[in-house]
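Take a look at the structure below.
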Amino acid sequence: MIIYGLNTCANTQKARKALEEAGNEVSFRGVRAEPLSEAESVVLIAEFGDLLVDRKSNDWRALSDLLKYSEAEDLLAIKPKLMARPVIQHGDAYHLGWDEAVQEALLPK
């Protein structure tokens with residue numbers, strides 16, 4: 001299982017802790033230090049589309065209007081912190097965020 005996110009993100013920290021406590025072997029990938037490769041970006045954009053860009057963040061609000069209308073893959077290449085988080089890869093499945101549906105899918109009942 002791989003968690004893509006920021007080590008300072010509260011949702012990423014909660015997800016990582018809960019998944020590890022449930023006995024999962026979790027690998028963390030900090031997208032600020034190690035941005036998504038082009039191949040990873042293509043897979044995640046295909047899976048989540050524009051939802052992959054966190055449009056509620058301060059970083060998003062600070063963008064120029066021109067950049068706000070850029071394609072998701074361009075935005076994430078320029079500013080990896082704009083990725084909505086966490087993205088959790090479990091086998092061939094990908095999950096975005098740490099809401100109730102994601103927790104139900106990944107945590108034992």
Contour excess over end-to-end distance, with Cα ends at Ala18 and Asn58 and 0.36 nm allotted per residue: 11.7 nm
Square roots of five times the Cα gyration tensor eigenvalues for the chain, Å: 25, 14, 12
The chain: angle of helix 10-21 to the longest principal axis, Cα-based, in degrees nearest 10: 20 degrees
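Quick one: net charge of Leu96's neighbours, Cβ under 11 Å, K/R +1, D/E -1? Could the numbers behind the result be given before it?
Values: positive: Arg85; negative: Glu47, Asp54, Asp99.
Combined, the nearby Lys, Arg, Asp and Glu give -2.
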Simple spin-label estimate for Arg29 and Leu51 in nanometres, 7 Å along Cα-Cβ: 1.9 nm
Peptide ranges 72-83, 22-33 listed from the most packed, as the mean C-beta count within 10 angstrom indicates: 72-83, 22-33
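Computed from the coordinates by the stated procedures, all read-outs in this text should not be read as laboratory data. Everything quoted here is computed from the prediction, not taken from an experiment. Don't worry about glycine lacking a Cβ; one is built from the backbone with ideal geometry, like all the others, and counts go over all protein chains shown.
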